[in-house]
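*Asks:* One structure follows; several queries about it will come next.
The values are calculated or read from the model by the stated rules, or taken from the named source; none is laboratory data. Given the structure is predicted, the values throughout are model-derived calculations rather than measurements. For accessibility, only protein heavy atoms count, side chains too; no ligands or nucleic acids. Shrake-Rupley method; radii C 1.70, N 1.55, O 1.52, S 1.80 Å.
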Amino acid sequence: MTRRTLLALALAVTLDAAAAGGGQAVGESSSDGSFRFEWEITSSRKGSRLDAYLYNLTLRPVQNVQVLVEELDNAGNPVRRSITQVWGGVQAGDRTFFRVSGVKPGARYRLSVLNYDLQPVGGGG
């Protein structure tokens, strides 16, 4: 089919901040086993941010990954959404770092991969 794959529903992972000051939350593998998130909310003089790793659990490298970050209310409904581009590629079985600024400490978030490009393995083509 196409190289771009819409995965917002299949890969949604709800992650709760451990406490008002942040804390690390580890996402579970997606339902199809393609990606996993690990993150924590940190604060500095410039405000709070979500520092995260995206793990590529596929057997092929990916690039042009777009991640949807949703802040959730107590009922689990999104109250704020942002899309962030994960720059660079992620090799199969590897991880990459990304950051989202302007998040709220203690809030609940759902991270999901919206789309990505699978890269060919090996050379030529």
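*Asks:* Could you work out the equivalent-ellipsoid semi-axes for the range 48-125, taking the square root of 5 times each eigenvalue of the Cα gyration tensor, largest first, in whole Å?
*Replies:* Here the semi-axes work out to 29, 12, 10 Å.
*Asks:* How large a share of the accessible area of the range 41-125, in percent, is made up of carbon and sulfur atoms when the probe is 1.4 Å and the other protein chains stay in place?
*Replies:* Reported share for carbon and sulfur atoms: 47 percent.
*Asks:* Still on this structure, I have one more. Using the heavy atoms of the protein chains alone and a 1.4 angstrom probe, what is the accessible area of the range 65-125 per residue in square angstrom? Let's see the in-between values first.
*Replies:* Working: 3300 Å² over 61 residues.
Result: 54 Å² of accessible area for each residue.
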